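Q: Quick one: this structure, given as C-alpha cells, is what I'll be asking you about.
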Amino acid sequence: MILYDYFRSSAAYRVRIALNLKGLNAERKSIHLRKGEQRGAEYKSVNAQGLVPTLEIGGLRLTQSLAIIEYLDEKYPEPPLVPRNAEDRAFARALAMTIACDIHPIDNTRVMQYLERELGLDQGKRDQWYAHWIREGFEAIEKQLARRPVTTFACGAQPTIADICIVPQVANAGRVKLAMDPYPRIRAINDACLKLKAFADARPEAQPDAE
Ligand SMILES: N[C@@H](CCC(=O)N[C@@H](CS)C(=O)NCC(=O)O)C(=O)O
C-alpha cells in the first residue's frame, strides 16, 4: 500500500489513524501542499481532484478519506471502525460527516489560499474564518454528544470513524488556538484517543515530513 500523504493534512491524518488501528503498514509519499505539489500533473494523474489522501493498493487508487476508511473496514473487519448496530452506525457516520463534509472543506488549503490571494484577507481574518466554521461544527457535535450516555469514545468503548474525524479536527482547531473549554466531551474524546498508540503515531508532528 502507498499512502499519498502530508503531515498537516487532517484528511490524511484520518487515514493514518485507520491504518494504525487496523495494524496495516503503508509506504508514505508526501505531497507538499503548501508548495502546491497536489496541483502538479504528476499527482493529478494519481488523484484527479488534486487532494490528499490517496491510498494505492496494487492497481487500485482510493480517494476521499471516508471512502478509504470504509473500504479498509470492509476488507479488514477487525477492529471495526464503523459500529455494527444501525443506530450507532448512523450516529458515528453523522459526526464524521459533520466534520468531513461540513467543517473541513470550508477551511481547506485551497479555500484559505483563495481567501488570501483572491480576496486579500490578512492572516487575522483568515484565522477568524477558520475558527468560525470549526466553532459552529463543534457546537453542534457537542450538543449531539451530550444527548447520549457518556462513553470513553464518541460512540462507545471503542474508537470509531467519528473519533477518527474528531481528533484531526481538534488538531486543526489548535492551529488557530480555538478555546476548547466549551466542548468538554470533544476534548475528553480527543484526550482518550491520543492515549492510544494508533492515534498518537498518526499525529502530524510524529510524521517524517513534519516541519
Ligand atoms: N473530502 C476529502 C478532502 C481532502 C482534502 O481536502 N485534503 C486536503 C488536505 S486536508 C488537500 O489535499 N488540500 C489541498 C488543497 O486544498 O489544495 C477527503 O476527506 O479526503
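Taken together, the values in this text are just the output of simple stated rules run on the coordinates, not laboratory data. Quick caveat, the model's predicted, so the values are computed rather than measured. Here the Cβ is made from the backbone with ideal geometry for all residues, glycine too, and neighbour counts use every protein chain on show.
Q: Which whole-Hz couplings ³J(HN,Hα) result when phi for each residue of the stretch 188-201 is put into the Karplus expression 6.51 cos²θ - 1.76 cosθ + 1.60, θ = phi - 60°, listed in order with x for Gly and Pro?
A: Result, rounded to whole Hz: 5, 5, 4, 5, 5, 5, 6, 6, 8, 4, 4, 7, 4, 5.
Q: Decide, for the chain, between rounded, prolate and oblate: order the square roots of the alpha carbon gyration tensor eigenvalues as a ≥ b ≥ c, take rounded if a/c falls under 1.5, and otherwise choose prolate if a/b is larger than b/c, else oblate.
A: It comes out oblate by the Cα gyration axes.
Q: What is the distance, in nm, between label points placed 7 Å from the Cα along the Cα-to-Cβ direction at Ala179 and at Asn108?
A: So the two model labels end up 3.2 nm from each other.
Q: Sticking with the crude label model, points 7 Å out along Cα→Cβ, report the distance from Ile57 to Lys125 in nm, one decimal please.
A: Label at Ile57, label at Lys125, 4.5 nm between them.
Q: Quote the relative contact order of the chain in percent (integer), defining contacts as alpha-carbon pairs under 8 Å separated by 6+ residues.
A: Computed value for the chain: 26 percent relative contact order.
Q: Right, something else. Pull out the extension gain between Ala210 and Trp133, defined as 0.36 nm times the separation in residues minus the alpha carbon to alpha carbon distance; nm, one decimal.
A: That works out to 25.2 nm of additional length.
Q: Using the Kirkwood formula on the Cα atoms of the stretch 129-187, what hydrodynamic radius do you get, in angstrom to one decimal?
A: 11.8 Å
Q: What FRET efficiency, computed as 1/(1 + (r/R0)^6) with R0 = 22 Å and r the Cβ-Cβ distance, is obtained for Arg34 and Ala140, rounded to the nearest 0.05?
A: 0.15
Q: Please work out how much length the chain gains when fully extended from Thr151 to Ala41, using 0.36 nm per residue of separation minus the C-alpha to C-alpha distance, in nm with one decimal.
A: 35.0 nm
Q: Tell me, what HN-Hα J-couplings in whole Hz come from the Karplus equation 6.51 cos²θ - 1.76 cosθ + 1.60 at θ = phi - 60° for each residue of the stretch 80-97, using x for Gly and Pro?
A: x, 9, 10, x, 7, 6, 4, 5, 5, 4, 5, 5, 4, 5, 4, 5, 4, 6
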